[in-house]
Amino acid sequence: MSLNTVKPPTLEQLSEVAAELGFAFAETDLAAHRESLLPAFEAYNQLDQMPDELPPVSYPRLPGRRPPPKENRHGAWYVKTEIPGAASGKLKGKKVALKDNICLAGVAMMNGASTMEGYVPDIDSTVATRILDAGGTITGKTVCEYFCFSGGSHTSASGPVHNPHRIGRQADDPVQKGLRAAGCCQLERRRRQQRLPRQAHRDGFRRVFDRGRRL
């Protein structure tokens, strides 16, 4: 049975839209326009009746959290979470951050755009499933430009992503932003554990950055 999610407009609604656009149509013209729209609405309602057949979510997870500024100094993280994958596999022991235009069930996805804020996918993307099946652990989502329509790092609705070498400068392309989020976090944790000077963090990050640029 159709849910009638998409309903055809009434003549009154069509008249209001026409007036907003500066048009004046006779009622017969409005009726003709409405008639021409009906097959499309019928097609949508047929699609509405089909089963969703969503793939199952195989690995338990929490929704994650938006990290506070002290954990996200460069603005590269959108959400932090911890989703362990299979008990064994080629990626066992590896941690992966997904770009925030990739669906991860139960974890917020914004794609850099304020119009998508609050959206939570109910399926895992193929790439997320393959990472988890191979034993990898997904640690969160990294910030995207607004709808991924920019080559810079300053258009995201969540704020700019800063270059770790100099706050206030952009972080280049999305691949490098992901490296900055994951690399800076891990290197800083290691520096503190080993009580190394900050120069060790900077030297280590340069090696991560250069390695990523060669991929």
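We did not get these values from a lab; they are worked out from the coordinates using the rules stated. Computed from a predicted model, the values in this text were never measured in an experiment. Cβ atoms come from the backbone with ideal geometry, glycine included; neighbour counts cover every protein chain shown.
Rounded to the nearest 20 debye, the dipole magnitude of the stretch 40-133 is 960 debye, with +1 charges on Lys and Arg beta carbons, -1 on Asp and Glu beta carbons, and the Cα centre as origin. Highest mean packing comes first when the peptides 35-41, 143-149 are listed by Cβ atoms within 10 Å, giving 143-149, 35-41.
Each principal axis of the Cα cloud of the stretch 1-147 was evaluated for its coordinate range; sorted largest first, these ranges are 68, 38, 20 Å. Sequence-ordered 3J(HN,Hα) estimates for the stretch 154-162 from the Karplus curve with 6.51, -1.76 and 1.60 and θ = phi - 60° stand at 10, 9, 4, 5, 7, x, x, 9, 8 Hz, glycine and proline given as x.
Each residue of the stretch 67-73 is assigned a 3J(HN,Hα), and the resulting list reads x, x, x, 5, 9, 9, 4 Hz, derived from the Karplus form 6.51 cos²θ - 1.76 cosθ + 1.60 (θ = phi - 60°), x at Gly and Pro. Listed values for the stretch 32-37 are Karplus-derived 3J(HN,Hα) couplings in whole Hz (6.51 cos²θ - 1.76 cosθ + 1.60, θ = phi - 60°), namely 5, 4, 5, 4, 5, 7, and x replaces Gly and Pro. Each Cα pair under 8 Å and six or more residues apart adds its separation to the average, and for the stretch 1-132 the resulting relative contact order is 19 percent. Measuring between alpha carbons in the structure, the pairs from Lys7/Lys141; Lys70/Lys92; Lys70/Lys95; Lys90/Lys141 lying more than 25 angstrom apart are Lys7/Lys141; Lys70/Lys92. Annotation: peptides 161-171, 9-19, ranked by per-residue average of other Cβ atoms within 10 Å with the highest first, follow the order 161-171, 9-19.
If you bin all the Cα-Cα distances of the stretch 70-182 at 10 Å, starting from zero, the percentages per bin are 16, 45, 31, 9, 0. Taking the fewest neighbouring Cβ atoms within 10 Å as the starting point, the ordered list for Met110, Met116 is Met116, Met110.
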